[in-house]
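Below is one structure; the comments refer to it alone.
Every number here is computed from the coordinates shown, using simple stated rules; none is lab data. Just so you know, these numbers come straight off a predicted model, no measurement behind them. Every residue, glycine as well, gets a Cβ built from its backbone with ideal geometry; the counts of neighbours run over all protein chains shown.
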Amino acid sequence: MRAFRWVAICILLLAVTGWPSGARGQVIERELRERVVPKIPIAVAGFAPFAMNGEDLGRLGATVLAADLRFTNIFDVMDPATLPFDPKTVQLDQERPLFPGLNSLRIQHLAVGQVSSRGREAVVEGRLFDVTTGNMVFGKRYVGDSKFYRLIIHRFADDIVFNLTGEKGVAQTRIAFVSAVSRTAREIFVMDYDGVNAAPITGNQSINLSPRWSPDGRLIAYTSYRNGNPDLFALNFDSGRRDVLSAQRGLNVTPAWSPDGQWLAFAMSAGGGTNLSLMPKGGGTPRPLTTGPAISVSPSFSPNGRQIVFNSDRGGSPQIYVMDVEGTNLRRLTFQGNYNASPRWSPRGEKIAFMCRLAGNQICLINPDGTGLQQLTTLGNNEDPAWSPDGRHIAFTSTRMGPRDIFVMHADGTEQTRLTNNGRDNYLPDWSP
């Protein structure tokens, strides 16, 4: 009964109420470990006015591209007013005379776009130039239905990131989250990384929780009460099919995918206690990872798939633990604070984000060896951290503006920005690959 009550309060009833906030403040010295890398100065030009479907796609394209590049925290995107020319007047094949002026401002790259149409399709000619050498880094034509115009620009932004850093950008990624659509229903929604185009992927007028993207982005595992019991489901985006993965009586909650996408770790309350189990991606007989009367939930795999971080009250209060994927070599990570939960391993493996109760619920980071504790948030109650696939950003839930909403921030805690603002509770985010 103790196990069920604790999980019900901490996982399920939070769909209706927020986290408690009565916690003693503790001072944490932020550890700045990552090397500061200068941002790449870049200018966005072109995108002359082009009307389509009642909207100026030129203006929208320039705005979205600049926002995408700025969000990466890699680029210093120049204010158009500081450029020695009107960026909207720049046309393709007329870029080279601009380079001396840009060089004098120490601007290293120039991104140029030109918008046109082909029937119902929007066409964007995108080019990226190295201002110093005068060479074109790449040029590409993007074509798609005009209703997906923002996605076209996101592709251009991600190509710029990849060509200049060798890393995959996040502009085309999405964030899944839970939204309280009524007093009793909690549905799962998916939105673009910047909070635009939110749409439901469940509609069963029940409680749906803990969405988790598979590593290939084709599946979302989640818990649903649609059949009366908190069962574990998987939604296939390609086929639209929804499969029940685990329907053991009691809790089947907090799923996590292995990095290769072949396994799911999740928490079950069948058999006494609430323990973690490992199961093949398509369902099957779960293999226990933890045992006993304690409550162990919220698993997250290390990037190499060899370890799992989770939270458990086996020591008397919810704390963060790490074990090998076989369930062996268990060790406790957190000792500061009387409530630490919802750990998520970073994609690069060097940090673990989690909810720490320090003057309210906050987002903290810790190294996998238990050192280097950092507090990233201070305003309101903050929970449910979820890493972007490049490890540069964290989505999380915050009450700082009133109801729970989805926010994002850079991994160092800067630029905390609200994504959802619909007047209802939005929480439990998960970032797509």
What is the local net charge at PRO288, summed over the other residues whose Cβ is closer than 15 Å to its Cβ (Lys, Arg +1; Asp, Glu -1)?
0
Using alpha-carbon positions, what is the distance between the centroids of the range 413-431 and the range 165-224, in Å?
12 Å
Fewest to most neighbouring Cβ within 10 Å: what's the order for MET268, MET52?
MET52, MET268
Please give the peptides 254-265, 285-296, 354-365 ranked by average Cβ packing (other Cβ atoms within 10 Å per residue), highest first, as a rough proxy for protection.
354-365, 254-265, 285-296
From largest to smallest, what semi-axes in whole angstrom does the range 40-165 give when each is the square root of 5 times an eigenvalue of its alpha carbon gyration tensor?
23, 15, 13
Which value, in Å to one decimal place, does the Kirkwood hydrodynamic radius take for the range 96-251 when every pair of different Cα atoms is included?
18.7 Å
Just from its helices, what would the mean residue ellipticity at 222 nm be for the chain, if runs of 4 or more DSSP H residues each count -39500 (n - 2.57) and the sum is divided by every residue, rounded to the nearest 500 deg cm²/dmol?
-3000 deg cm²/dmol
Assign one of three labels to the chain, namely rounded, prolate or oblate, based on the Cα gyration tensor with a ≥ b ≥ c the square roots of its eigenvalues; rounded applies when a/c is under 1.5, prolate when it is not and a/b is larger than b/c, and oblate otherwise.
prolate
On a straight-distance basis, which aspartates and glutamates could pair with LYS88 in a cross-link, Cα separation under 14 angstrom, same-chain partners fewer than 8 positions away excluded?
ASP56, ASP79
GLN307 long-range amide H proximity, modeled H, under 5 Å
SER302, VAL325
Restricting to Cα pairs below 8 Å that are 6+ residues apart, what does the relative contact order work out to for the range 185-275? Please round to a whole percent.
19 percent
Measuring from its Cα centre, the chain shows a charge dipole (+1 at each Lys and Arg Cβ, -1 at each Asp and Glu Cβ) which, in debye to the nearest 20, is 1020 debye
Sequence neighbours fewer than 8 away in the same chain don't count; with that in mind, list the aspartates and glutamates whose C-alpha is under 14 Å from LYS351.
GLU31, GLU34, ASP369, ASP390, ASP412
Normalised by the residues of the chain, what does the relative contact order come to in percent, with Cα pairs under 8 Å and at least six apart?
11 percent
Which distance in nm do the two modelled labels at GLU167 and ALA81 give, with both placed 7 Å along the Cα-to-Cβ direction?
3.1 nm
Let a ≥ b ≥ c be the square roots of the eigenvalues of the Cα gyration tensor of the range 371-433; is it rounded (a/c under 1.5), or, if not, prolate (a/b larger than b/c) or oblate?
oblate
